């Protein structure tokens, strides 16, 4: 990796950390920083042949725009943190499974790196990001598991600034989980 590419990865990781930290604190600035982060990571992941994660950045781009719009027009303070309806959980899990299978075959054929893990983490990340746009407290449990998976994947790729980013993300996700569940004490699943 060139020195310039490493600096781009460091900058992207820094933006990602700031974005996720702000999201855990329900701050609007999370979304525009997230947009910058995903633009940089599209190129980083493409270069590492993590094709699903490169494509995931397009999904993140759209979901960041949606999240920014929802939080802005719903009012970040007015859009309450809620729990995922129980009836939606099997649908979310099935979505991850179906998308993982759908992504695996083309990733394997394209010679992608770690296609099964790449596909599964990409699918789960889309679901978790969708949950974040809706301010679902459960999103942070998803992110905890996803971040552990990314640590395994990125260590294998030697993407060290990104490894640091996902280690920090893991800590932020634990904190976000605590904060958002605290904001929904005793709330019944809606």
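The values are calculated or read from the model by the stated rules, or taken from the named source; none is laboratory data. Just so it is clear, the structure is predicted and the values come from calculations on it, not from any experiment. Here Cβ is always computed from backbone atoms with ideal geometry, including for glycine, and neighbour counts include all displayed protein chains.
Quick rundown of the values:
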| read-out | value |
| --- | --- |
| Options 119, 102, 94: the member that is closer than 20 Å to residue 63 by Cβ and crowded, with 21+ Cβ neighbours inside 10 Å | 119 |
| Residue 62 without any contact (Cβ under 8 Å) to a residue 12 or more places away in the chain, part of a helix (DSSP H, G or I) and surrounded by fewer than 17 Cβ atoms within 10 Å (Cβ to Cβ) | yes |
| Test: residue in region 19-42 that is without any contact (Cβ under 8 Å) to a residue 24 or more places away in the chain, more than 19 Å from residue 132 (Cα to Cα) and surrounded by 17 or more Cβ atoms within 10 Å (Cβ to Cβ) | yes |
| Among the residues listed as 159, 92, 151, the single one being within 24 Å of residue 13 (Cα to Cα) and at pLDDT 95 or above | 151 |
| Per-region count, region 69-79, residues surrounded by 12 or more Cβ atoms within 10 Å (Cβ to Cβ) and more than 18 Å from the chain's Cα centre (by Cα) | 4 |
| Residue tally, condition part of a helix (DSSP H, G or I), more than 15 Å from the chain's Cα centre (by Cα) and closer than 22 Å to residue 126 by Cβ, over region 10-51 | 5 |
| Members of region 139-154 found to be crowded, with 22+ Cβ neighbours inside 10 Å and closer than 15 Å to residue 183 by Cβ, listed by number | 139, 140 |
